[in-house]
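For reference, the structure discussed in these notes is given below.
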Amino acid sequence: MKREELKKVISESPAEHTEIFCQKDELKLSRFAESIIHQNISQEKTSLTVVVHEKKRKGSATTTDTSPSAVRKALERALEAAKFQKPDPDFPGLPFSEEIAPELQSFSQETSNCPPEKRADGIAEVRKIGEREGFKGFGTFSTQASRYISLNSNGNFREWDTSQAFLKVLYMGGPGGGEGYAQDLQVDVNDIDVSWVAEKAAEKCAATQERKSLEPGEYTVILEPLAVCELLGYLGFIGFNGLACNEGRSFFSGKIGEKVMAESISIFDDPYDENGLPFPYDGEGMPKRPLPLVEEGVFKNYIYDHYLAAKEGRKTTGHALPPGFRSFGPMPMHLKMWPGKESREELLQKVEKGVLVTRFHYVGVIHPQQTIVTGLTRDGTFWIENGEVGHALKNLRFTQNIIEALKRVVGIGNSLGKMPFSVGAPQGPALVIDGFNFTGVSEME
Amino acid sequence: MERWKKVIKKALEAGADYADLRYIENEKQGIRAKNGKIEDLSLGEDRGIGLRVWVNGSWGFASMSITDDNLEDSGKLAREAVALARAANKGQQPRELAPVKAAKKEYTTEIEEDPFEISLEEKIELLQKAHEAMQGEKIFLTTGNIDCQKEKKLFISSEGSEIQQTFYRTGAGINAMSTDGKDRQIRSYPSAFGGNYAQRGFEFVREMDLVREAERVRKEAEQLLTAEQCPAGEMTLILGGCQLGLQVHESCGHPIELDRVLGTEAAFAGTSFLTPDHIHELAYGSKVVNIYADATIPGALGSFAYDDEGVSASRIPIVREGKFENFLTSRETAPVLEQKSNGTMRAIGWSNFPLIRMTNINLEPGESSLQELIKGTEKGILLDMIKSWSIDDKRINFQFGTEIGWLIEDGEIKGVIKNPTYTGSTLPFWRSCDGIAGQSEWKMWGVPNCGKGEPMQAAPVGHGASYARFRNIKVGVSR
């Protein structure tokens with residue numbers, strides 16, 4: 001559907017306030033196992049949501065059909081739904097901003113046009129490097145282009161594009177059954193360095209051939225960037241989440257200005273960072289902008305969408321999710337922990353005896369307010385002794401309070417990694433953390 | 001139908017050895033209440049097609065939404081899907097799919113009350129009454145939800161199948177969060193994270209009696225604030241059906257997916273500790289443990305007549321008297337075991353590629369009862385209601401947390417405990433099972449959001465369970 005047609009639907013809507021959010025995703029994805037593509041898909045999906053507010057009663061309807069008649073039908077259904085609602089006295093009206101987000105490199109035509117042969121060639125390269133080492137490759141190579149249109153009856157209109165290309169490689173094999181993982185996430189598919197990812201994964205796989213068991217307990221750890229990104233993502237969901245803060249469900253509730261982490265830790269939400277996945281507007285079509293959340297260990301800011309901000313007499317920080325997801329609350333999608341100055345070697349020198357973690361698996365939240373989570377290490381866990389990486393370890397279960405861990409950071413790496421997370425793409429450096437709590441070992445018997 | 005047959009024909013003309021197509025129309029209604037206020041009332045519709053082709057041993061798949069404007073574009077999918085299959089073909093050996101008999105059938109969920117015929121007003125009133133019944137001095141947040149879905153799915157294949165299935169899925173749940181200013185606790189009913197779901201009509205929601213149960217939910221949420229912490233150590237563990245369903249899901253349901261065993265989920269959700277040579281050999285559990293995958297149970301969330309390859313639904317023994325018996329398979333993977341597919345391939349909506357999915361993976365009822373299990377416990381805990389879950393990439397080491405627990409001493413319940421957790425390894429855990437409650441305490445639990453695949457597909461699956469007892473389990477692991 002064209003923008004002018006959507007504007008017409010808005011202008012003809014009988015509701016006092018009408019909002020439309022439309023997202024079209026074109027996903028091309030190749031999954032591979034044993035270095036062979038087993039799933040090669042093209043998925044074109046459009047989702048359009050109409051939200052109406054009539055006498056402060058809200059109703060919404062979604063459709064995947066964006067033809068004018070279908071959008072009008074969705075509007076009628078939204079109006080029907082609103083009739084059954086009770087008025088929401090806190091409804092502040094719909095947002096409007098004249099501010100234009102800066103030009104961001106959020107979209108690549110090359111990514112959007114990427115043919116299946118390019119992904120197949122990349123996977124053939126993964127196979128070649130794996131065969132050289134005697135490993136089999138498993139993973140995904142995908143490209144996605146998305147178009148967003150957000151408009152409302154207050155005159156706010158935004159239209160923007162994003163893209164992302166993602167390659168992940170897990171090698172398995174060798175005489176001891178090793179496992180090694182690496183990945184790359186970029187806006188432009190041409191920036192994906194297939195050989196670099198594959199070589200890195202192969203190096204880890206070669207190093208994990210013989211894995212020893214480690215007695216659970218508290219250890220100094222080096223968490224590599226992917227492991228840090230995972231914890232950051234969860235902290236965003238259960239901690240920085242604006243609604244959780246507002247409702248007193250978050251660790252950060254009522255803690256503005258308090259020292260909550262080590263002084264060396266600063267965390268921003270930075271939608272403009274072109275090393276991440278830049279994103280100009282939020283789900284209400286309001287401009288996003290960088291926001292410090294933790295500076296030198298001190299909690300600085302709550303995040304808001306228009307509704308929550310109005311409730312607290314503030315302005316939105318540009319963190320609204322699209323209409324269908326707003327009940328989760330405003331969410332930081334571009335978390336970035338500031339890197340330190342230390343090289344990998346310097347981080348290792350800080351560890352007399354400890355554990356190096358490549359990444360985590362299946363993290364579950366045990367206590368959201370206390371930020372206690374559990375999960376496992378995978379695809380490259382190593383013993384560190386006297387500053388050197390030693391033998392590989394069997395995967396370990398951790399049960400850890402994230403905030404407490406971030407209070408005990410004694411080293412920060414000088415480069416950032418990033419990963420797609422269910423909400424956004426956090427970026428983080430490697431961290432050295434004292435007293436990380438491992439509570440189990442993954443062993444068959 | 002004729003329009004979609006033409007798409008299949010175009011796929012064959014473009015070079016496909018085999019093609020199948022799903023045309024799906026979906027209608028959804030979701031109501032979410034928070035503190036008695038309807039926070040989200042959403043009505044959704046979508047329709048589209050997904051075309052899968054098999055070319056010389058490789059799959060290609062293309063999907064698109066169908067709108068009033070683009071009906072004629074569906075032919076381009078055939079060329080795109082075949083091109084994708086050819087691009088995937090590097091290094092692939094030609095392979096045969098397991099045979100399936102072409103079917104021409106119709107199936108519709110049996111319901112008593114069409115959930116879409118029940119007025120929004122009535123549903124909202126139900127949630128508001130439940131909220132009122134959950135009110136208490138220490139309750140600071142209540143939520144409730146009612147969800148209905150009607151999915152009409154047409155499956156046609158180049159081998160002659162024409163299968164029309166209509167599924168109604170209905171679910172509801174409530175929960176209350178309590179605080180005393182320091183601690184926060186939660187209780188949910190009938191299950192956590194959105195409640196219980198079934199392939200039934202609105203009668204399923206009525207049977208839950210949300211308003212009556214809301215009072216107990218409030219009481220237990222407040223009671224948990226002053227409860228003792230879960231003890232730490234090794235002891236006897238009794239699991240209630242809701243939590244046991246999740247235990248089956250994570251430590252039995254996922255490891256038996258043959259695509260996962262063969263590595264297709266390796267870089268995402270992981271693999272499995274199981275291998276094909278474990279069939280009829282591995283002691284998965286103790287003699288009292290019997291697990292079946294059963295897609296034929298009327299009303300269960302994971303039931304259907306035919307899977308998304310046109311294979312008819314079946315009941316498959318997974319663990320019989322403790323011994324591992326079989327995997328969940330597809331037409332592509334079953335030949336590895338020299339079998340025919342047992343019909344577990346499903347895709348979520350029209351836009352996704354089908355994967356091997358759990359159907360209803362059930363721990364069969366035993367001969368005991370909850371009272372007998374408690375009576376036979378000198379020192380232990382009874383836990384129920386999912387709160388947190390985590391399991392490793394081989395499905396060996398797990399750790400779960402539940403909303404509530406009860407301390408058991410000398411065969412009697414002694415009091416409520418909070419923040420319970422337990423951890424273990426899959427095989428020792430199931431081998432330590434020494435008692436399972438019987439049919440009268442056995443119930444189906446519907447999980448609407450089992451995650452698997454890339455892009456992630458949230459599938460509706462079911463788990464039948466009663467109560468079961470496990471010995472020498474490590475509990476109270478948290479910090």
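The values are calculated or read from the model by the stated rules, or taken from the named source; none is laboratory data. Everything numeric here is computed off the predicted structure, so don't read it as measured data. For neighbour counting, all protein chains shown are included, and Cβ atoms are generated from backbone atoms with ideal geometry for every residue, glycine included.
List of remarks:
- Any chance A:ILE384 is over 24 Å from B:ASN397 (Cα atoms) and either out of contact with any Cys (no Cβ under 9 Å at 6 or more places or on another chain) or part of a strand (DSSP E or B) (or both): no
- Taking each residue of the stretch A:423-445 that is farther than 16 Å from A:VAL357 by Cα and looking for partners that are in a strand (DSSP E or B) and of a type in the set (Lys, Arg) with beta-carbon atoms closer than 9 Å, six or more apart or interchain, yields A:ALA425/A:LYS418; A:PRO426/A:LYS336; A:PRO426/A:LYS418; A:GLN427/A:LYS336; A:GLN427/A:LYS418.
- Selection count where residues are of a type in the set (Gly, Ala, Ser), touching a Pro at 6+ places or on another chain (Cβ under 9 Å) and more than 11 Å from every other protein chain (Cβ to nearest Cβ), scope the stretch B:78-109: 1
- For the stretch A:144-189, the candidate set comprises residues that are touching a Phe, Trp or Tyr at 6+ places or on another chain (Cβ under 9 Å) and among the aromatic types (Phe, Trp, Tyr); within that set, the residue that is nearest to the other protein chains (Cβ to nearest Cβ) is A:TYR181.
- So B:ILE413, is it at negative phi and either in the same structural domain as B:ARG169 (by TED's automatic domain parsing) or free of Cβ contacts under 8 Å to residues at least 60 places away in the same chain (or both): yes
- Failed condition for B:ASP393, given (1) at the interface with chain A (Cβ under 10 Å from one of its Cβ atoms); (2) surrounded by fewer than 22 Cβ atoms within 10 Å (Cβ to Cβ); (3) not in a strand (DSSP E or B): (2)
- Per-region count, the stretch B:407-446, residues assigned to a strand (DSSP E or B) and crowded, with 20+ Cβ neighbours inside 10 Å: 15
- Checking the stated criteria, A:GLN23 turns out not to satisfy the condition of being within 8 Å of chain B (Cβ to nearest Cβ), of a type in the set (S, T, N, Q) and under 25 Å from the mean Cα position of the chain (by Cα).
- Among residues of the stretch B:39-57 being farther than 19 Å from B:LYS152 by Cβ and facing another protein chain (nearest Cβ under 7 Å), the one that is surrounded by the fewest Cβ atoms within 10 Å (Cβ to Cβ) is B:GLU39.
- The criterion of being within 13 Å of another protein chain (Cβ to nearest Cβ), of a type in the set (A, V, I, L, M) and in a helix (DSSP H, G or I) does not hold for B:ALA62.
Okay, residues lined up against (1) of a type in the set (Val, Ile, Thr); (2) at pLDDT 95 or above:
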position: B:ILE8; (1), (2): yes, yes
position: B:ARG22; (1), (2): no, yes
position: B:LEU41; (1), (2): no, no
position: B:GLU45; (1), (2): no, no
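- Qualifying residues in the stretch B:112-122 (those that are assigned to a loop (DSSP other than H, G, I, E, B) and closer than 27 Å to A:GLN85 by Cβ) - the one nearest to the other protein chains (Cβ to nearest Cβ): B:SER119
- Here B:ARG32 passes the criteria (1) facing chain A (nearest Cβ under 7 Å); (2) farther than 30 Å from A:PRO323 by Cα except the one numbered (2).
- Of the residues making up the stretch A:411-445, those that are buried (at least 23 other Cβ atoms within 10 Å of the Cβ) and aromatic (Phe, Trp, Tyr) number 2.
- Within the stretch A:74-111, the residues that satisfy the criterion of being of a type in the set (S, T, N, Q) and either out of contact with any Leu (no Cβ under 9 Å at 6 or more places or on another chain) or within 14 Å of another protein chain (Cβ to nearest Cβ) (or both) are A:GLN85, A:SER97, A:GLN105, A:SER108, A:GLN109, A:THR111.
- Strands (runs of 3 or more DSSP E) contained in the stretch A:118-235 and holding at least 1 residues of a type in the set (Asp, Glu): A:157-173, A:178-186, A:217-223
- Residues in the stretch B:460-472 that are of a type outside the set (D, E, K, R), part of a strand (DSSP E or B) and buried (at least 22 other Cβ atoms within 10 Å of the Cβ) were compared, and the one that is nearest to the chain's Cα centre (by Cα) is B:VAL461.
- Strands (runs of 3 or more DSSP E) fully within the stretch A:1-106 counting 2 or more residues that are under 27 Å from B:PHE353 (Cβ atoms), β-branched (Val, Ile, Thr) and touching a strand residue (DSSP E or B) at 6+ places or on another chain (Cβ under 9 Å): A:36-54, A:57-63
- Count of the stretch A:32-73 residues, restricted to those that are in contact (Cβ under 8 Å) with a residue 24 or more places away in the chain, more than 7 Å from chain B (Cβ to nearest Cβ) and not polar (S, T, N, Q), is 14.
Residue-wise test of (1) in the same structural domain as A:GLY435 (by TED's automatic domain parsing); (2) under 25 Å from A:GLU258 (Cβ atoms); (3) surrounded by fewer than 19 Cβ atoms within 10 Å (Cβ to Cβ); (4) out of contact with any helix residue (DSSP H, G or I) (no Cβ under 7 Å at 6 or more places or on another chain).
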residue	(1), (2), (3), (4)
A:ILE303	yes, yes, no, no
A:LYS311	yes, yes, yes, yes
A:GLU346	yes, no, yes, yes
A:GLY354	yes, no, no, yes
A:ILE372	yes, yes, no, yes
A:ARG378	yes, no, no, yes
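- Within the stretch B:179-189, the residues that satisfy the criterion of being surrounded by fewer than 24 Cβ atoms within 10 Å (Cβ to Cβ) and either in contact with a strand residue (DSSP E or B) (Cβ under 7 Å, 6 or more places away or on another chain) or part of a strand (DSSP E or B) (or both) are B:THR179, B:ARG184, B:GLN185, B:ILE186.
- Taken over the stretch B:396-438, the criterion of being charged (D, E, K, R) and more than 14 Å from chain A (Cβ to nearest Cβ) is satisfied by B:GLU409, B:ASP410, B:GLU412, B:LYS414, B:ASP434.
- Of the candidates A:GLY324, A:GLY276, the single residue that is part of a helix (DSSP H, G or I), surrounded by fewer than 23 Cβ atoms within 10 Å (Cβ to Cβ), at pLDDT below 95 and not aromatic (Phe, Trp, Tyr) is A:GLY324.
Results for (1) within 13 Å of another protein chain (Cβ to nearest Cβ); (2) touching a Phe, Trp or Tyr at 6+ places or on another chain (Cβ under 7 Å), shown as yes or no for each residue.
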position	(1), (2)
B:PHE204	no, no
B:GLU228	no, no
B:GLY241	no, yes
B:GLY253	no, no
B:ARG260	yes, no
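- Considering residues of the stretch A:397-410 that are in contact with a Gly (Cβ under 7 Å, 6 or more places away or on another chain) and within 28 Å of A:GLY178 (Cβ to Cβ) only, the residue surrounded by the fewest Cβ atoms within 10 Å (Cβ to Cβ): A:ARG397
- For the residues A:ILE372, A:ILE366, A:ILE403, the requirement of being farther than 30 Å from B:LYS28 by Cβ, out of contact with any strand residue (DSSP E or B) (no Cβ under 8 Å at 6 or more places or on another chain) and either within 14 Å of chain B (Cβ to nearest Cβ) or free of Cβ contacts under 8 Å to residues at least 60 places away in the same chain (or both) singles out A:ILE403.
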